[in-house]
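*Asks:* Before anything else, here's the structure in question.
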Amino acid sequence: MDLSQIYTELIMEHSQSTQNRRHLDHIDASERGHNPSCGDDIVLELKFNGDIIEDAAFTGSGCAISQASTSMMIDLITGKSKEEALDLVETFISMIKREVTDDEELEKLEDAIVLKNISNMPARVKCAVLAWHTLKEVINK
Amino acid sequence: MREFNVDEIRKDFPILSQTVNEKSLVYLDNAATTHKPIQVLEAVSEYHHLHNGNPHRGSHYLSIKATEDYENTREKVRKFINAASEKEIIFTKNATESLNLLAYSYGMNFINAGDEIVLCISEHHSNLVPWQKVAKAKGAVLKFMYLSSDYRLTMEEVKAKITNKTKLVSLAFMSNVLGTIYPAGEVAEYAHSKGAVVIIDGAQAVPHMKVDVRDIDADFFVFSGHKMLAPMGIGVLYGKENLLEKMPPFLMGGDMIEYVEEQDTTFAELPYKFEAGTQNVEGAVGLSAAIDYLEDIGLNRIHEYELQLTGYALEKMLEIPYVKIYGPTDLENRGGVISFSIEGCHPHDTASIVDTYGVAIRAGHHCAQPLMKYLGAPATSRASFYFYNKKEEIDIFIESIKSVRKWLGYGS
């Protein structure tokens, strides 16, 4: 297992970035995501404009992978419709499960595509998918 | 008693000689579970090859052999922890089941509304969640003893929390997170003076040091086999005979009965009253071989050697400016468990990174979420040693933790 495939510069940048780590002024929906066995703990906040996710942010703590994955997801879904966001969640989870491996199909995940190699580290898969499951929960609520 | 030679000892543990991620395995997760020497593996295998039968039931040869194997282990455990009688040794699945047995059979029947149950803040969930349940069900008050700044439990704190209303005190002998060895005997003496019953969770102590339940004067004492070279799935509950005698059975079924009528049952004598259903005989056989192995090396020598390793690791870790240690930094009343964090790095990243160096450590809350909250840490990394670890392995561990910050984008 080559660590440089996991701890890439992009992941490090996202995990330490504060751009998406904040509270929204106006919150339409929020949801806590928690990995009880390891302590990754985030709260996702969303602001909607009709069907569009107008703004999104998160707070919380966790490992570099969980925090980077959350930040990347927020970059990706901001400005998208709920339906588009749910489709991206499915694509991301399929990528992690190695059900979708075609890079062209995965391109729409933008930066989050770098988390593809997390499937080589089974112990860390739950860190990578935490935010995405949380988003699915909050949209479907 | 055999000579204490780690290289020779390691030959008994085939699993330690493998490579992980193309590196030699450095196994430092012994507080989670320990490896099994060939002597234990062979004893279990021999049981299956030659003696397997359902104990206490048949009159045929194999059932009798299985009964002998099982009951011989009971006597061995009795001697190992210096209990007064074999009736006081109950086999369970592990320390967790032993504590649940106590919560259901003792707690639910002898704790009443307004009574106090006192625990230490560092308890493992297995010695905390069952008591929350008892306290809620019975209207009892759950109280916690907190730690001093050097991660120790002072007698002032003990005396402040244990009162005349305290009916039960349950305390880990050694913290699975901090490595602190608590003054179990002193706590028991004080609790008894207030009329409370005392449970000591010995899961982290029994594998590493000589324990005498009568010297501590614990009313109940629990531990797991798999943390002391035995297979998973065998554990022990020790209890004073007069207390076990008045407790109702925990699980009902075969082998724990005396007479069964359509509507009523009388129960078997101790210890069988608490052992319903076919028991883990092969686990008991493994536990017996594990005790032989540990006694052949000597628990005092094991403790002394592990303290040397711990002292060496602490010294090296304290030299690293960005490492924080959660636990005593001196060796007094301490065991070979070191929890730590690396500034700016989440413990899970730390554990994953050192794993690529072949180093197995644990990361997370170590089944002690209230302690993590008390320490103000979301999680920690933890290295824990056993007598088969070597100084050279600690050097590899230290090198691996020095690499963590580099991988996470820090200069050093």
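The values are calculated or read from the model by the stated rules, or taken from the named source; none is laboratory data. On a predicted model such as this, the values are computed, not experimentally measured, just so you know. Cβ placement follows ideal geometry from the backbone for every residue including glycine, while neighbour counts extend to all protein chains displayed.
*Asks:* Quick check on the stretch A:89-125: of everything there that is crowded, with 18+ Cβ neighbours inside 10 Å and among the basic types (K, R), which residue is nearest to the other protein chains (Cβ to nearest Cβ)?
*Replies:* Top of the filtered list is A:R124.
*Asks:* Next question. Restricting the search to the stretch B:12-30, which residues are part of a loop (DSSP other than H, G, I, E, B) and farther than 20 Å from B:S288 by Cα? Spell out how you get there, then give the answer.
*Replies:* As a first pass, look at the stretch B:12-30 and keep what is part of a loop (DSSP other than H, G, I, E, B): B:12-13, B:18, B:21-22, B:25, B:28, B:30.
Listed by number, the residues that qualify are B:Q18, B:N21, B:E22, B:L25, B:L28.
*Asks:* Determine whether B:S170 is in a strand (DSSP E or B), within 19 Å of B:V206 (Cβ to Cβ), of a type in the set (G, A, S) and not assigned by TED's automatic domain parsing to the domain that holds B:R362.
*Replies:* Working: in a strand (DSSP E or B): yes; within 19 Å of B:V206 (Cβ to Cβ): yes; of a type in the set (G, A, S): yes; not assigned by TED's automatic domain parsing to the domain that holds B:R362: yes.
Yes: the conditions hold for B:S170.
*Asks:* Restricting attention to the stretch A:9-42, and to residues there that are surrounded by fewer than 17 Cβ atoms within 10 Å (Cβ to Cβ) and among the β-branched types (V, I, T), which single residue is nearest to the other protein chains (Cβ to nearest Cβ)?
*Replies:* The residue in question is A:T18.
*Asks:* Among the residues of the stretch B:374-412, which ones are buried (at least 21 other Cβ atoms within 10 Å of the Cβ) and either in contact with a Pro (Cβ under 6 Å, 6 or more places away or on another chain) or at the interface with chain A (Cβ under 9 Å from one of its Cβ atoms) (or both)?
*Replies:* Hits for the stretch B:374-412 are B:P378, B:A379, B:T380, B:S381, B:L408.
Residues are listed down the side, and each one gets a yes or a no for (1) out of contact with any helix residue (DSSP H, G or I) (no Cβ under 6 Å at 6 or more places or on another chain); (2) in the same structural domain as B:L62 (by TED's automatic domain parsing); (3) at pLDDT 95 or above:
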| residue | (1), (2), (3) |
| --- | --- |
| B:D264 | yes, yes, no |
| B:L270 | no, yes, yes |
| B:E275 | yes, yes, yes |
| B:N280 | yes, yes, yes |
| B:A284 | no, yes, yes |
| B:A290 | no, yes, yes |
| B:I302 | yes, no, yes |
| B:T310 | yes, no, yes |
| B:A313 | no, no, yes |
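*Asks:* Kindly indicate which of B:L309, B:L314, B:L270 is in a loop (DSSP other than H, G, I, E, B) and surrounded by 16 or more Cβ atoms within 10 Å (Cβ to Cβ). Lay out the reasoning, then the answer.
*Replies:* Working: B:L309 fails: in a loop (DSSP other than H, G, I, E, B); B:L314 fails: in a loop (DSSP other than H, G, I, E, B).
Checking each option against the conditions leaves just B:L270.
*Asks:* Please tell me if B:K324 is within 25 Å of A:S15 (Cα to Cα) and touching a Phe, Trp or Tyr at 6+ places or on another chain (Cβ under 7 Å).
*Replies:* Values: within 25 Å of A:S15 (Cα to Cα): yes; touching a Phe, Trp or Tyr at 6+ places or on another chain (Cβ under 7 Å): yes.
In short, yes.
Yes/no per residue for (1) at the interface with chain A (Cβ under 8 Å from one of its Cβ atoms); (2) modelled with pLDDT of 95 or more:
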position: B:N333; (1), (2): no, yes
position: B:G336; (1), (2): no, yes
position: B:F340; (1), (2): no, yes
position: B:D349; (1), (2): yes, no
position: B:V354; (1), (2): no, yes
position: B:V359; (1), (2): no, yes
position: B:A363; (1), (2): yes, no
position: B:A368; (1), (2): no, no
position: B:M372; (1), (2): yes, no
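*Asks:* If I ask for residues that are charged (D, E, K, R) and farther than 28 Å from A:P36 by Cβ, which ones from the stretch A:50-86 would you list? Steps first, please.
*Replies:* Applying the first criterion (charged (D, E, K, R)) to the stretch A:50-86 yields A:51, A:54-55, A:75, A:80, A:82-84.
Matches in the stretch A:50-86: A:D51, A:E54, A:D55, A:K80, A:E83, A:E84.
*Asks:* What's the number of the condition B:Y146 fails, among (1) buried (at least 17 other Cβ atoms within 10 Å of the Cβ); (2) within 19 Å of B:T380 (Cβ to Cβ); (3) not basic (K, R)?
*Replies:* Every listed condition holds for B:Y146 apart from (1).
*Asks:* Between a residue in the stretch A:84-111 that is in contact (Cβ under 8 Å) with a residue 60 or more places away in the chain and any residue that is of a type in the set (A, V, I, L, M, F, W, C) and surrounded by fewer than 16 Cβ atoms within 10 Å (Cβ to Cβ), which pairs come within a Cβ distance under 8 Å, given they are 6 or more apart or on different chains?
*Replies:* Correct list of pairs: A:D111/A:L10.
*Asks:* Which pairs turn up if I take residues in the stretch B:189-215 that are under 17 Å from B:L244 (Cβ atoms) and surrounded by fewer than 19 Cβ atoms within 10 Å (Cβ to Cβ) and look for partners that are of a type in the set (A, V, I, L, M, F, W, C) and modelled with pLDDT of 95 or more with beta carbon separation below 9 Å, at least 6 apart in sequence or on another chain?
*Replies:* Listed by first residue and then by second, the contacts come to B:R214/B:I81; B:R214/B:A83; B:R214/B:A84.
*Asks:* How about the stretch B:184-256: which strands (runs of 3 or more DSSP E) wholly inside it have at least 2 residues that are touching an Asp or Glu at 6+ places or on another chain (Cβ under 7 Å) and assigned by TED's automatic domain parsing to the domain that holds B:P55? Lay out the reasoning, then the answer.
*Replies:* Numbers: elements: B:197-201, B:220-224, B:235-239.
Of the strands (runs of 3 or more DSSP E) lying wholly inside the stretch B:184-256, those with at least 2 residues that are touching an Asp or Glu at 6+ places or on another chain (Cβ under 7 Å) and assigned by TED's automatic domain parsing to the domain that holds B:P55 span B:197-201, B:235-239.
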